[in-house]
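Below you'll find the structure, written out as structure tokens, and then a few comments.
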Amino acid sequence: MPRSLTRDAWRLTRHALRLRCVACGGGPVFTSWFRMLPNCPSCGFTFERGERGYWLGAYFVNLMLVESVFCLWFFGVLLHTWPLPNWDLAQQGIIVLMCVSPFVCHPWSRTLFVAFDLLVRPPAEPDFAAPEERAARIRPLA
């Protein structure tokens, strides 16, 4: 991997892990835990890059994060309680973690996916176009 590509990957990942705009580092880009702004408030970068089903990649990243949590918990319990593994602790912990971790990982899955997408497909001019919004019609006072 070329040095500049590695540096870009680290920069994009750092912005994504801080839940900032991956293009410029500005932010914040979330209005609540589950609601992401459509554009960066600093640079105007459009997070959804114009494809149907764009966020399916974020779902995949979330799945990978949750599977990593599962593996860390399972092997951590095995290593900690070896030679007599505590299967009840492993099972109860897995149930709780698998119910909670998809919600906890949600914002990072979205920003990490956008970072990966920017690494593979660098931003172009249309990605920074401001969204068009029609003004409300004002009726004159009679």
Within the range 99-113, tally of residues that are under 16 Å from Thr31 (Cβ atoms) and among the β-branched types (Val, Ile, Thr): 1
Test for Ala16: is it under 15 Å from Leu118 (Cβ atoms), under 12 Å from the mean Cα position of the chain (by Cα) and outside any loop (DSSP other than H, G, I, E, B): yes
Pairs with Cβ under 6 Å, 6+ apart, first in the range 97-117 and charged (D, E, K, R), second in a helix (DSSP H, G or I): Arg110/Ala58
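Quick one: in the range 38-56, of everything that is farther than 17 Å from Pro126 by Cβ and exposed (fewer than 14 other Cβ atoms within 10 Å of the Cβ), which residue is modelled with the highest pLDDT?
Kept after step one, since they are farther than 17 Å from Pro126 by Cβ, are these residues of the range 38-56: 41-42, 53, 55-56.
Among the residues that remain, those that are also exposed (fewer than 14 other Cβ atoms within 10 Å of the Cβ) are: 41, 53, 56.
Details: Pro41: 89, Gly53: 87, Leu56: 94.
Once the filter is applied, the top-ranked residue is Leu56.
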Selection count, the range 8-23, where residues are in contact with a helix residue (DSSP H, G or I) (Cβ under 8 Å, 6 or more places away or on another chain) and surrounded by fewer than 15 Cβ atoms within 10 Å (Cβ to Cβ): 1
In the range 13-37, the residues that are without any contact (Cβ under 8 Å) to a residue 24 or more places away in the chain and among the polar types (S, T, N, Q): Thr31, Ser32
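Please verify whether Gly26 is on the phi > 0 side of the Ramachandran plot, surrounded by 15 or more Cβ atoms within 10 Å (Cβ to Cβ) and more than 13 Å from the chain's Cα centre (by Cα), treating the condition exactly as stated. So that I can check it myself, show each step before the final result.
On the way: on the phi > 0 side of the Ramachandran plot: no; surrounded by 15 or more Cβ atoms within 10 Å (Cβ to Cβ): yes; more than 13 Å from the chain's Cα centre (by Cα): yes.
It is false that Gly26 is on the phi > 0 side of the Ramachandran plot, surrounded by 15 or more Cβ atoms within 10 Å (Cβ to Cβ) and more than 13 Å from the chain's Cα centre (by Cα).
How many residues, within the range 80-101, are in contact with a Leu (Cβ under 8 Å, 6 or more places away or on another chain) and in a helix (DSSP H, G or I)? First the steps, then the outcome.
Let us first name the residues in the range 80-101 that are in contact with a Leu (Cβ under 8 Å, 6 or more places away or on another chain), namely 81, 85, 90, 101.
Right, trim to in a helix (DSSP H, G or I) and you get 81, 90, 101.
Result for the range 80-101: 3.
Can you confirm whether the range 42-57 contains a residue that is over 20 Å from the mean Cα position of the chain (by Cα) and among the β-branched types (Val, Ile, Thr)?
Just the residues of the range 42-57 that are over 20 Å from the mean Cα position of the chain (by Cα), to begin with: none.
Scanning the range 42-57 turns up no residue that is over 20 Å from the mean Cα position of the chain (by Cα) and among the β-branched types (Val, Ile, Thr).
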Residue among Val69, Val61, Val77 that is touching a residue at least 40 places away in the same chain (Cβ under 8 Å), touching a Leu at 6+ places or on another chain (Cβ under 9 Å) and either loosely packed, with under 14 Cβ neighbours inside 10 Å or not small (Gly, Ala, Ser) (or both): Val61
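The values are calculated or read from the model by the stated rules, or taken from the named source; none is laboratory data. Worth saying up front: this structure is predicted, and the values here are computed from it rather than measured. Neighbour counts run over all protein chains shown; Cβ positions are idealised from the backbone, glycine included.
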